[in-house]
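Engineer: Take a look at the following structure, please.
The values are calculated or read from the model by the stated rules, or taken from the named source; none is laboratory data. Owing to the predicted nature of the structure, the values given are computational and were not obtained by experimental measurement. Ideal geometry is used to build each Cβ from the backbone, glycine not excepted, and the neighbour counts take in all protein chains shown.
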Amino acid sequence: MEQHPPTKNLLAWSALTTILAGVLHFVIIPEHWSHAPAHGLFFFLVGILQIVWGVVVWRKPSRQFYYIGAIMAGWLIVLYVITRWFPAPFGHGPESIETIDITCKACEALGMLALTVLILQDLPLNAKSRIAWRTVMLIALFSIVSGFVTYGAADAAEAILPALSAHVEEHHHEGSASQEGHPQEGASVEEHAH
């Protein structure tokens with residue numbers, strides 16, 4: 001099937017931004033693995049998923065892959081926002097905002113936007129606005145639900161898989177010069193609750 005240049009450009013944009021987001025997830029694996037192995041494992045799986053999706057959609061574009069890619073990007077953006085507001089499962093508090101995070105989320109958002117345009121451009125003209133609104137709402141709804149379900153599942157799994165949780169390597173109390181009451185290196189957060 002021959003694609004028009006705008007369609008081909010949108011497809012390339014969505015595939016490349018998603019692959020770049022996957023590569024960025026690989027870049028942050030070592031830092032997160034040493035902090036909380038579950039986070040490193042999650043970024044490894046997400047990186048593979050994004051790169052594979054980008055290659056597959058480039059070689060065999062389809063409306064179904066556009067929906068999958070848009071929801072996947074939305075899911076990861078929603079999950080990112082949740083973990084900046086609430087304590088990340090397997091971690092010890094809400095995550096901080098880093099430049100690489102913003103770059104990765106910008107890639108996902110741009111890819112999601114390109115995919116949404118690809119989905120909407122094929123709609124019949126006589127029902128375009130009504131169907132377009134429902135399509136955008138459907139993508140947003142699936143993204144939000146996926147983000148919260150993933151957060152809840154990871155939160156529940158934390159009790160079952162404590163070895164994948166964050167470990168406190170050093171902990172300092174304000175105004176205390178002594179080391180009394182400090183956990184040993186490698187002690188889990190649960191062992192040192194205040």
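Engineer: Mind counting the residues in the range 102-119 that are under 8 Å from Ala70 (Cα atoms) and of a type outside the set (Val, Ile, Thr)?
Structural biologist: 4
Engineer: Within the range 50-64, which residues are in contact with a helix residue (DSSP H, G or I) (Cβ under 6 Å, 6 or more places away or on another chain) and either farther than 27 Å from Leu164 by Cβ or not in a helix (DSSP H, G or I) (or both)?
Structural biologist: Answer for the range 50-64, where residues must be in contact with a helix residue (DSSP H, G or I) (Cβ under 6 Å, 6 or more places away or on another chain) and either farther than 27 Å from Leu164 by Cβ or not in a helix (DSSP H, G or I) (or both): Gly54, Val57, Trp58, Pro61.
Engineer: Output the residue which, of all residues in the range 29-47 that are under 12 Å from the mean Cα position of the chain (by Cα) and hydrophobic (A, V, I, L, M, F, W, C), is nearest to Leu16 (Cα to Cα).
Structural biologist: Looking at residues that are under 12 Å from the mean Cα position of the chain (by Cα) and hydrophobic (A, V, I, L, M, F, W, C), I get Val46.
Engineer: Quick check on the range 103-110. Is at least one of its residues of a type in the set (Asp, Glu) and closer than 19 Å to Trp13 by Cα?
Structural biologist: Yes, that holds for at least one residue.
Engineer: Any residue at all in the range 120-134 that is at pLDDT below 90, more than 30 Å from Phe65 (Cα to Cα) and among the polar types (S, T, N, Q)?
Structural biologist: The answer is no, given that none of the residues of the range 120-134 is at pLDDT below 90, more than 30 Å from Phe65 (Cα to Cα) and among the polar types (S, T, N, Q).
Engineer: Kindly indicate whether Gly91 is surrounded by 14 or more Cβ atoms within 10 Å (Cβ to Cβ), not hydrophobic (A, V, I, L, M, F, W, C) and not in a helix (DSSP H, G or I).
Structural biologist: Yes.
Engineer: Name the one entry in Trp85, Trp75 that is within 25 Å of Ala154 (Cα to Cα), exposed (fewer than 13 other Cβ atoms within 10 Å of the Cβ) and modelled with pLDDT of 90 or more.
Structural biologist: Trp85
Engineer: Within the range 30-49, is there a residue that is farther than 25 Å from Glu158 by Cβ and either part of a helix (DSSP H, G or I) or touching a residue at least 60 places away in the same chain (Cβ under 8 Å) (or both)?
Structural biologist: So far as the range 30-49 goes, no, none of its residues is farther than 25 Å from Glu158 by Cβ and either part of a helix (DSSP H, G or I) or touching a residue at least 60 places away in the same chain (Cβ under 8 Å) (or both).
Engineer: Just checking, how many residues over the range 50-64 are without any contact (Cβ under 8 Å) to a residue 24 or more places away in the chain and within 20 Å of Val145 (Cβ to Cβ)?
Structural biologist: Matching residues across the range 50-64 total 1.
Engineer: Let me ask another. Those residues that are surrounded by 14 or more Cβ atoms within 10 Å (Cβ to Cβ) and more than 16 Å from Thr7 (Cα to Cα), I need them from the range 45-54; list them, please.
Structural biologist: Val46, Gly47, Leu49, Gln50, Ile51, Trp53
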